[in-house]
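Have a look at the structure below, then the notes.
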Amino acid sequence: MTLGDTDIKIRILLAAKKLFAQYGFEKTTVRQICEEAGVNIALVSYHFGGKENMFGALFDHFFPNDQLSKIDPTLDPAGGVRLIVSEVTKFRYNDYQLIGIIQQEIIMDTERIQKIRQHVMPIWLRLRSWLEQGREQGIFQFHSLDTALMSIVGTLLFHRHTKYWSTLFENTQPPMEDMIEDMTVFILGGLQYKLNRL
């Protein structure tokens, strides 16, 4: 693939990501994507073989797979929870479009969830493992592993920056580092991890 082909492929993916996030996968046409990208419609078939494959390519290209593969599974449980809070929050701040696509697909319970799972589940399985280890070591206190896990996932992924919630906020979106710190304290507090050990 030439440099020009790579550039065209990225332009198509960026256009698809923007439109899927804005209108949803089903309501976005290949023609709209090509118009947004400024490319010929035949290039979608050439590079991706269709809209479904383009969806998968979004996660192959934009999901932080490399960063996740470098996570040290031997981190202590509290360090692991801190890392997940930090990395998921950074991802939310840096790619709100892909997060929006993930949330839409989960809510709609589409077949495309399988593609999303391939990329997303390893991080949640790692979190589950750290929660189990922390409970076994006595540094986390909770009754249900499932409830603790889903409470953390919900805290990290809740779609908080929509017009619906705007009347509740006193400020606009806080700086990313402040949000990471606040959510880390909140989540570790919920796990009854001693706050003086933060």
What are the residues in the stretch 151-180 that are surrounded by 13 or more Cβ atoms within 10 Å (Cβ to Cβ) and either more than 17 Å from residue 92 (Cα to Cα) or touching a helix residue (DSSP H, G or I) at 6+ places or on another chain (Cβ under 9 Å) (or both), if any? 151, 152, 153, 155, 156, 157, 159, 161, 176, 179, 180
Residues satisfying the stated conditions in the stretch 73-90, i.e. without any contact (Cβ under 8 Å) to a residue 12 or more places away in the chain and under 19 Å from the mean Cα position of the chain (by Cα): none
Subset of the stretch 30-53 that is more than 28 Å from residue 92 (Cβ to Cβ) and polar (S, T, N, Q) - its residue that is modelled with the highest pLDDT: 40
Tell me whether the stretch 140-150 contains one or more residues that are modelled with pLDDT of 95 or more, open to solvent by less than 20 Å² (accessible area, probe 1.4 Å) and outside any helix (DSSP H, G or I). yes
Counting residues that are open to solvent by less than 40 Å² (accessible area, probe 1.4 Å) and of a type in the set (Gly, Ala, Ser), which helices (runs of 4 or more DSSP H) fully inside the stretch 1-104 reach at least 2? 3-23, 51-62, 77-94
Working carefully through the options 149, 127, 145, find the one that is in the same structural domain as residue 94 (by the TED database), of a type in the set (A, V, I, L, M), in contact (Cβ under 8 Å) with a residue 40 or more places away in the chain and out of contact with any Phe, Trp or Tyr (no Cβ under 6 Å at 6 or more places or on another chain). 127
Condition test on residue 191, is it over 23 Å from residue 102 (Cβ atoms), hydrophobic (A, V, I, L, M, F, W, C) and at pLDDT below 90? no
Out of all the residues in the stretch 119-139, which are surrounded by fewer than 14 Cβ atoms within 10 Å (Cβ to Cβ) and within 15 Å of residue 103 (Cα to Cα)? 121
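The values are calculated or read from the model by the stated rules, or taken from the named source; none is laboratory data. This is a predicted model, so every value here is computed, not measured. Using ideal geometry, Cβ is built from the backbone for each residue, glycine included, and neighbour counts are taken over all protein chains shown. To get the accessible areas, we keep the full protein, side chains included, count just its heavy atoms, and leave off ligands, DNA and RNA. Shrake-Rupley method; radii C 1.70, N 1.55, O 1.52, S 1.80 Å.
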